[in-house]
1. Ranking request for peptides 265-278, 148-161: highest mean number of other beta-carbon atoms within 10 Å first, then the rest in descending order.
2. State the percent of C-alpha pairs, over all pairs in segment 2-135, separated by a distance greater than 25 angstrom.
3. What's the exposure ranking of 224, 238, going from fewest to most Cβ atoms within 10 Å?
4. Remind me, relative contact order of the chain in percent, using alpha carbon pairs under 8 angstrom and six or more residues apart?
5. Work out, in µm²/s and without decimals, the Stokes-Einstein translational diffusion coefficient of segment 243-312 at 37 °C, 0.692 mPa s, Rh from Kirkwood over C-alpha pairs.
6. Please list, by residue number, everything in segment 112-134 whose backbone N is under 11 Å from a paramagnetic label point 7 Å out along Cα→Cβ of residue 144.
7. Output needed for segment 188-312: three equivalent-ellipsoid semi-axes, defined as square roots of 5 times the C-alpha gyration tensor eigenvalues, in descending order, whole Å.
8. Counting just the Cα atoms, what span does the chain cover along each of its three principal axes? Round to the nearest Å and put the largest first.
Ligand SMILES: Nc1ncnc2c1ncn2[C@@H]1O[C@H](COP(=O)(O)OP(=O)(O)O)[C@@H](O)[C@H]1O
Ligand code: SF4
Ligand SMILES: [Mg+2]
């Protein structure tokens, strides 16, 4: 990391998201889908959010950007450069100071040519041409999205996010469909963006890719944050704190590809206590209680094996 001791850009505390659910008959209730998310990104940092599909990664991005569907409610605190975000302030920041690289390439406007798509609202032709050049899209300036490959569409989304010179990029699974060389280039671009004193929240299910560039890794499981570790902690299983993170480590190709038995539960099936309990070899009766996130060895973990003295 070239840019050290930066000020916080994004601070998320105790974020939860619930969806209004209509039940059989006339009742309705709120189904909690994510809870207990504490994520922050400072100047000069790439923070990766990793976790299986359905663990709540995109909902986190959508909550920060004010893009949750109308039947969702969120609670908690989201601050940008020290200021609490409400709906109005979010409107001002979105696309300018905070840019999203969306998960879905279909979010490109099908009726807008690549050049205009990247130019966006600011219309600065010089910067747009430079970005098109950097991303190998100069030839594609006059194409419509349907004329572009999946990899080109990903590069258009990346170039569009960089157009307004934001302070923070939230990249939601930015690499599927890119060949390995282009995926590595995208990671290098995020690294040089952060090294200018900016921040990146990199959402991915690909830990190996995240480890190439991220400073810190936040691990989600079944809608909850179970661990935050330094990327350097992934050098050895013993440096990791949570049994799920250790299982993810063992499932990485470089560590022998050992699969994790069982499945992540759906939001409606989650009971009180540790969300990983049904799959954990270390579970004890205390794991059925609500478990706080605790600071341990420069990271944070939600597990009874790491409770502060006196609580265990
Ligand atoms: N509009 C919605 N209505 C109800 N549940 C939803 C909605 N969107 C997402 N979810 C649920 O929230 C959970 C997390 O989703 P998501 O954030 O998209 O996961 P990820 O990005 O990690 O794959 C999933 O279990 C999903 O079923
Ligand atoms: S809290 Fe208990 S069940 Fe959950 S990961 Fe820790 S030991 Fe396993
Ligand atoms: Mg997602």
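Coordinate-derived values only; no laboratory data. Since this is a predicted model, take the numbers as computed values, not measurements. With ideal geometry, Cβ positions are generated from the backbone for all residues, glycine too; neighbour counts draw on all protein chains shown.
1. Values: 265-278: 16.6, 148-161: 21.4.
Top to bottom by mean Cβ count within 10 Å: 148-161, 265-278.
2. Details: 3690 of 8911 pairs.
I get 41 percent for the Cα pairs in segment 2-135 exceeding 25 Å.
3. Ordered by Cβ neighbours within 10 Å, fewest first: 238, 224.
4. 20 percent
5. Answer, rounded: 244 µm²/s.
6. It comes to 112-113, nothing else.
7. 26, 17, 14
8. 62, 52, 37 Å, listed from the longest principal axis down.
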